[in-house]
1. Among the residues that make up the range 192-202, is at least one of them in contact with a Ser or Thr (Cβ under 8 Å, 6 or more places away or on another chain) and not in a loop (DSSP other than H, G, I, E, B)?
2. Go through (1) of a type in the set (A, V, I, L, M, F, W, C); (2) open to solvent by 40 Å² or more (accessible area, probe 1.4 Å); (3) touching a helix residue (DSSP H, G or I) at 6+ places or on another chain (Cβ under 9 Å) and name the single condition residue 361 misses.
3. Quick one: count up the residues across the range 322-361 that are part of a strand (DSSP E or B) and closer than 30 Å to residue 90 by Cα.
4. If I ask for residues that are free of Cβ contacts under 8 Å to residues at least 40 places away in the same chain and open to solvent by less than 50 Å² (accessible area, probe 1.4 Å), which ones from the range 104-118 would you list?
5. Of the conditions (1) more than 15 Å from residue 352 (Cβ to Cβ); (2) assigned to a helix (DSSP H, G or I), residue 52 fails just one. Which one is it?
6. Name every residue in the range 239-266 that is over 25 Å from residue 336 (Cβ atoms) and crowded, with 19+ Cβ neighbours inside 10 Å, in order of residue number.
7. So residue 141 fits all but one of (1) hydrophobic (A, V, I, L, M, F, W, C); (2) touching a residue at least 40 places away in the same chain (Cβ under 8 Å); (3) more than 30 Å from residue 203 (Cβ to Cβ); (4) open to solvent by 50 Å² or more (accessible area, probe 1.4 Å); what number is the exception?
8. Identify all residues within the range 371-382 that are open to solvent by 20 Å² or more (accessible area, probe 1.4 Å) and either without any contact (Cβ under 8 Å) to a residue 40 or more places away in the chain or farther than 22 Å from residue 271 by Cα (or both); write none if there are none.
Amino acid sequence: MSPRTSVGRIAAAAILIAGATAAIPAQGQLIDPLNIPDTQLEPMRWSDLDGWAADDHDAALAVFRASCEPFNRQRQLHDSRPVAAALKEVCRRLARAGPLKGDKARAFFEENFRPVRIAKLGETTGLITGYYEPIVDGSRIPNPEFHTPLYRRPRDLVLQGQKVAKAASFPNRATVGRLNEQRKLEPYHDRLAIEDGALDGQKLEICYVADPWDAMTIQIQGSVRVRLEDGTLLRLNYDSHNGYGYTAVGRVLIDRNLVPRDEMSMDRIKRWMAANPDQAKEVRGTNKSYVFFRITGLNSEEEPAGAQGVRLTPGRSIAVDKTHVYGTPFFIQADLPIDSARPNTKFRRLMVGQDTGSAIVGPARADFYWGAGEEAGKVAGRIRHPGRFVMLLPRELDLVEAGKKMPLPPPKPPAEVAARRTDAAKGKTENHKADATKKSQPKAPSQAQRGKSKSRS
């Protein structure tokens, strides 16, 4: 796990609207105007963001403009959250503004958003990982080289106890299973069962790749380009899953002392799997989650679409928790192992939430999309690092009113009061234990009872 620092309660309350300046409130206040559980927010000034002025705002605005397309197409928003309505208004202004370059692109962000640092309650940093789109060789039919199938959605897979139309994808966190003979929902086959042939004979195979680890990697990434025998490039994307939560096999290898923590990466896992075939299957099985795919294209070199429905941009698109609204910009500050295996690349960049994933959980959690192919995979595979997250909130949101309605947590008592409470609690616990001990001990029989006992003997 990435190191995190606990800081207790931090500042985050009223933002004074005065031109383009956000005033920092007094210490000790805590609100969550977004209604995201276990979250703390701290208003910032643009001048406080290390690296903001040096970022490529043209590139960032192009990605945000792509995220505006779904908002602009909808006459009525499907998402009722306040952030979605506010982003729609920002997107309308961007459409009217036309092309914006250089300082104008930067000014658009600063005039339409407020920077707010976001983190899990009691922490200052979030977690950053990376993903990519694999490009692998494969075959339409099984053979000695390519013998591990990638499956389409099974016919008996149900969502919330109901079948789902073929065109609709399953949410990545939902109640998924199958109906038994009594029409009752039960868990679906897990990874080991599927690898052992639970789906054989159902004609669900789309194509075949080299080995189970390749298949698992593709499932983790959520999409793939499979180069078939005749050169055809088959595009597959996430369609559904078997209902189990994701377990990181890298964490399992570390916990079992099979791979050192400082060596952990996707490439290192692959090499361990190849070197330990007898143990590899059992380790893969600790991740019971299994993903099914659909064909999305042939011979297409475009980037895959994320959960928002827009094409991802390498180095600018991120997958975020579903508590966030797609299209929300995040300025992320971190030191990452991009140029080498050491985390010595200063990463200060505006990203846009355009995707999600079952393992992407938390208010300050991002999976960076790095592109397609082997080199992108190397970068993505070695990233699991802390970073600071600054969310750009549309100025339409009235954070002052939201803060007034948000109950504050009870104040922490002084140390001496806390100590007295602890001592009192210990005293009550000891008295309770003593009473319980007395009750559990048998009472000495009375003289009359002793007489009755003797008469029975």
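The values are calculated or read from the model by the stated rules, or taken from the named source; none is laboratory data. Computed from a predicted model, the values in this text were never measured in an experiment. No Cβ is skipped: glycine too gets one built from the backbone with ideal geometry, and neighbour counts run over all protein chains shown. What goes into the accessible areas is simple: the full protein's heavy atoms, side chains included, and nothing from ligands, DNA or RNA. Shrake-Rupley method; radii C 1.70, N 1.55, O 1.52, S 1.80 Å.
1. Among the residues of the range 192-202, not one is in contact with a Ser or Thr (Cβ under 8 Å, 6 or more places away or on another chain) and not in a loop (DSSP other than H, G, I, E, B), which makes the answer no.
2. Looking at each condition in turn, residue 361 falls short on (3).
3. 16
4. Scanning the range 104-118 gives a single hit, 107.
5. With (1) more than 15 Å from residue 352 (Cβ to Cβ); (2) assigned to a helix (DSSP H, G or I) applied to residue 52, the lone miss is (2).
6. The initial filter retains those residues of the range 239-266 that are over 25 Å from residue 336 (Cβ atoms), namely 239-245, 256-258.
Selection gives 239, 240, 241, 242, 243.
7. (3)
8. Let us first name the residues in the range 371-382 that are open to solvent by 20 Å² or more (accessible area, probe 1.4 Å), namely 372, 374-375, 378-379, 382.
Passing the criteria: only 375.
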